[in-house]
Every structure is written in structure tokens, then in C-alpha cells.
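The values are calculated or read from the model by the stated rules, or taken from the named source; none is laboratory data. Because the structure is a prediction, the values reported are computed rather than measured. Here the Cβ positions follow ideal geometry from the backbone for every residue, glycine too, while neighbour counts run over all protein chains shown.
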Amino acid sequence: MRKGQITKEHIIRESAALFNTKGYTGASLSEIIERCGVRKGGIYNHFESKDEIALAAFDYSVSQMLQFHSQALEGVTSSKDKLLAICGVYIDMMENNTLEGGCPLLNTAVESDDAHPLLKERAQHAMTNLLNELTQVLIQGTEQKEFRTDIALEEVSSNIIAIIEGGVMLSKLYEDSKYIRHAVLHITQFMDDRILIQ
């Protein structure tokens, strides 16, 4: 890999952690420069603006999160266990800081509501992919006769995401992972009571 590409990836990685922790508005260009240990000109050799860095950083953070999903799903066969493995990624995020700043989807969705339409669009796209991932697990569960066939797929997927992200938000706010654990327990009970074939 060429030196220029290494530097660019370093800037994206470090900026991703900064944006995910402080937000787009809260992270200044001077902080990016300081964290990355490069000169201002070094930043502008690779990016035209802070906006461009923010978009690349968001994409990187989401790719990291999806990589954690893939790792968590390795060797998991039942659909219920797949959903719980995905939930486990968010517990790990809160308890072990596997992604500095927490869930990039939650952080970006909250901040970019009106302030940054391009980031909002990226967050919507990433959330749609996550909802589709959960929907595919639910479909697999119905095909394998693990889940009931009359479940409302979109409703269940969006409820799971809402519960997870609510647990992440409370855990961040109170700096206590019990809230994400409560959320995952609720999802487990919901699966047992409402969607699993008894």
C-alpha cells in the first residue's frame, strides 16, 4: 500500500473515532489534525473539506460495525441465536468500547437530523441495510419453521432496532451497560413470547 493511501486511511480511522465521540459539529478540523498527527496540508491532500472527511469516517464506522456483526454470526445456525448475536454486538460496544463513541448510526441519526443532510442520507441508507439484515434473519426463521409465519417482518425488525438503540442511548447517557442488557433481555422475551413457534 502506498504511503498516501496509508495516510488517508489513518485520517479516516482517527476521524471516525472523533466524530463518533464528539459529533460532526463538536469535532473541529484542528482536533482532527491534532488527533491524526498530520499537518493541515496533509489533510487537504486527501480531502476537500470537513464534510468529505465526515462522510468517509461515517462509512468506515459503519463498515466496522457490520464487520462485528459478521464475526458474531460466524457458526451461528438458529435464527433466534443470530438475532441475539447481533444484539450482543451492541452489548460489547457498550462494555468493551469496541467502537469508540458507540453506535455510529444512533450518533449520526440524532445529530444530522437537519444540520447535515448528506450524513442523514448515509445514516438512512445504513439503517435500511441493518433493517434488511434483521428482516432476512426473520425470513430465514420462518422458512426453517423456527418463527411463526404470520409475523409482521418490517414491524418486528424496526422494533428490535428501536429497542437496541434505546438501550444503547440509555447506556451511553448513564455510562452503565445495564440498559442495553435490559433491552436485549426484552428482545429475548419478545422472541420467546411472540415470534417463536412453541
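For region 139-176, which residues satisfy the criterion of being over 19 Å from the mean Cα position of the chain (by Cα), among the hydroxyl-bearing types (Ser, Thr, Tyr) and surrounded by 15 or more Cβ atoms within 10 Å (Cβ to Cβ)?
Across region 139-176, the qualifying residue is only Thr142.
Scan region 32-54 and tell me whether some residue there is in contact (Cβ under 8 Å) with a residue 60 or more places away in the chain, surrounded by fewer than 20 Cβ atoms within 10 Å (Cβ to Cβ) and closer than 16 Å to Leu99 by Cα. Full working, then the answer.
Residues of region 32-54 in contact (Cβ under 8 Å) with a residue 60 or more places away in the chain: 51, 54.
Subsequent filtering for residues that are surrounded by fewer than 20 Cβ atoms within 10 Å (Cβ to Cβ) retains 51.
From the residues that got through so far, the ones that are closer than 16 Å to Leu99 by Cα too are none.
Looking for residues that are in contact (Cβ under 8 Å) with a residue 60 or more places away in the chain, surrounded by fewer than 20 Cβ atoms within 10 Å (Cβ to Cβ) and closer than 16 Å to Leu99 by Cα, one finds none in region 32-54, hence no.
Is there a residue in region 15-23 that is at pLDDT below 95 and at positive phi?
Yes; the residues of region 15-23 include at least one that is at pLDDT below 95 and at positive phi.
For region 62-116: of the residues being polar (S, T, N, Q) and closer than 20 Å to Ile195 by Cα, which is surrounded by the most Cβ atoms within 10 Å (Cβ to Cβ)?
Initial filter on region 62-116 (polar (S, T, N, Q)): 63-64, 67, 70-71, 77-79, 96-98, 107-108, 112.
This time we only want the ones that are closer than 20 Å to Ile195 by Cα, so: 77-79.
Numbers: Thr77: 9, Ser78: 14, Ser79: 22.
Ranking the candidates gives Ser79 first.
Report, by residue number, each residue of region 13-31 that is among the β-branched types (Val, Ile, Thr) and either closer than 21 Å to Pro117 by Cβ or in contact with a Cys (Cβ under 6 Å, 6 or more places away or on another chain) (or both). Don't jump to the end; show me each part of the working.
Filtering region 13-31 for residues among the β-branched types (Val, Ile, Thr) gives 21, 25.
The one that is among the β-branched types (Val, Ile, Thr) and either closer than 21 Å to Pro117 by Cβ or in contact with a Cys (Cβ under 6 Å, 6 or more places away or on another chain) (or both): Thr25.
Could you count how many residues in region 165-198 are part of a loop (DSSP other than H, G, I, E, B) and either under 23 Å from Asp150 (Cα atoms) or of a type in the set (Val, Ile, Thr) (or both)?
Within region 165-198, the subset part of a loop (DSSP other than H, G, I, E, B) is 175-177, 197-198.
Filter once more, so that each one left must be either under 23 Å from Asp150 (Cα atoms) or of a type in the set (Val, Ile, Thr) (or both): 197-198.
Summing the residues that are part of a loop (DSSP other than H, G, I, E, B) and either under 23 Å from Asp150 (Cα atoms) or of a type in the set (Val, Ile, Thr) (or both) in region 165-198 gives 2.
Cβ contacts < 7 Å: first residue farther than 11 Å from Ala54 by Cα, restricted to region 116-128; second residue at pLDDT below 90 and surrounded by fewer than 14 Cβ atoms within 10 Å (Cβ to Cβ), any location; separation 6+ or different chain. Result?
Lys120/Asp113
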